[in-house]
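Data block below; observations after.
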Amino acid sequence: MEEQWFVDRSKLREVWLDHPEWSKSQLAEVMGRSKAWVKKTTEELLQLTRGALAEMRTLLLELRPAALTQTRLSDLIKQLCEAFIGRSRLPIRLTKELGFAIRSAYEGRMTLSPEATQVLANSVAQPQILGEQLTERERHVLKCMTDGLNNNEIAEALVVSLGTVKFHISNIFHKLGVDSRVEAVKLAIEQRMV
């Protein structure tokens, strides 16, 4: 049972590394597993990766300084992997990506995991359109605000409580990055959000 779990997790890791752009649903479909299992397992894999890197840093600090200068980097990496496997009993495989990341860090260059790189690329590639993230109800409230209604009038018009109106207005301020009703209304009119 535990061996099958490890095989499934390893397969997920390989598929995920080959296709970092895939959603959890796509990974679940390819793996023949539930989306919840994929989400839980990918979170575990990320946690294990962070733990492995932290453990390797600790092991590196425990080595004598002379060993760092007198040992070839590839041999040092193999020693670190063996030491980590011995301490954690978790098998790790030295991949080109891991070797590249360690070499880059050794040379003082910043390295990012493929997952982190994908997240950054997605956030840069998909700029948010102002007001796009507002819900339909928040857009209604914003329209009422631009029409000059106060909170009580908005509550009456939408048949909701005053507290609900205040909650929606707070969300609108946060999503638009404004601090006042005047700023929100001005921005809504300028950007033609309503």
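Residues R9, R137, R192, arranged from fewest to most other Cβ atoms within 10 angstrom of their Cβ, appear as R192, R137, R9.
Each label point was placed 7 Å from the Cα along the Cα-to-Cβ direction; for E43 and W22 their separation is 2.1 nm. Just list whichever of K11/K35; K143/K175; K11/K40; K39/K166; K35/K166; K24/K166 have alpha carbons separated by over 26 Å in the model shown. Violating the 26 Å Cα-Cα cut-off are K39/K166; K35/K166; K24/K166. The tail of the calculated P(r) for segment 136-190, taken as Cα-Cα distances beyond 18 Å, holds 20 percent of the pairs.
Throughout, read-outs are computed from the coordinates displayed, never taken from laboratory work. Because the structure is predicted, anything quoted here is derived from the model rather than measured. Using ideal geometry, Cβ is built from the backbone for each residue, glycine included, and neighbour counts are taken over all protein chains shown.
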